[in-house]
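Here's the structure we're looking at; comments come further down.
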Amino acid sequence: MTNYGAIPTSSHPSPAINLEYISRAKHRIKSGLATRRPWKSMFDFESMTLPHGFFDAISRIKTNLGYFRANYAIGVLFILFLSLLYHPTSLIVLSILIVFWIFLYFLRDEPLVVFGYQIDDRTVLIGLSVFTVVMLLLTHATSNILGSLLTAAVLVLIHAAVRRSDNLFLDEEAAAVSESSGLMSYPSS
């Protein structure tokens, strides 16, 4: 017997969209982007002055690289993206790599633990950067990649040297992590 017009029901829950999962992902995206500093603070023109000397420039670069780390990573990835617009294969590889960046660097709300060792953000940043460059170099867009990375490095270093760092405050934990080796023993429970 067929029931025309009746809405089919099932005793098994359908694999519909899990709203809790979406809510959790949305929260992780917001908290992940919270590690990024406000762009307004990064480009505060009142805080842009030439350094007083070489050691002042080095001090500013160290502080600003630590403080604006996520912003610089986003900027470098954006410059890399722009340089690969005419290389579709490289652009596809970069898109896949950006997914790795999102989940392993920007949206992580817990420390990364590999083989019982806690890996800090700086080590993850360096590892992802090297992995990204190597994977992109395998797509034979070497001149575009190296040119964009050189451009991004120069822009980041200029900004880090020119942006005054006396009004930036790193929390004590971030300062302690930046002095460590990047690997910390993580007690297994």
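The values are calculated or read from the model by the stated rules, or taken from the named source; none is laboratory data. As the structure is a computational prediction, the values presented were derived from the model and not from experiment. A quick note on method: Cβ atoms are made from the backbone with ideal geometry, for glycine too, and the neighbour counts reach across all protein chains shown. Just so you know, the surface numbers come from the protein's heavy atoms only, side chains and all, with ligands and any DNA or RNA stripped out. Shrake-Rupley method; radii C 1.70, N 1.55, O 1.52, S 1.80 Å.
Give me the residue from the stretch 155-186 that is modelled with pLDDT under 50 and not in a helix (DSSP H, G or I) and, out of that set, least open to solvent (accessible area, probe 1.4 Å).
182
Report whether or not residue 104 is open to solvent by less than 30 Å² (accessible area, probe 1.4 Å), within 26 Å of residue 140 (Cβ to Cβ) and either at pLDDT below 90 or within 12 Å of the chain's Cα centre (by Cα) (or both).
no
Between 141, 152, which is at pLDDT 50 or above, over 21 Å from the mean Cα position of the chain (by Cα) and surrounded by 17 or more Cβ atoms within 10 Å (Cβ to Cβ)?
141
Give the residue that is nearest to residue 137 (Cα to Cα), with candidates limited to residues of the stretch 107-127 that are in a helix (DSSP H, G or I) and aliphatic (A, V, I, L, M). Reasoning before the result, please.
Going through the stretch 107-127, the residues in a helix (DSSP H, G or I) turn out to be 121-127.
Pick out the ones that are also aliphatic (A, V, I, L, M) and you get 124-126.
Details: 124: 20, 125: 18, 126: 17 Å.
So the residue we want is 126.
From the list 129, 90, 83, which residue is of a type in the set (S, T, N, Q) and under 12 Å from the mean Cα position of the chain (by Cα)?
129
So in the stretch 63-101, with the set limited to residues that are open to solvent by 50 Å² or more (accessible area, probe 1.4 Å) and touching a residue at least 60 places away in the same chain (Cβ under 8 Å), which one is farthest from residue 146 (Cα to Cα)?
65
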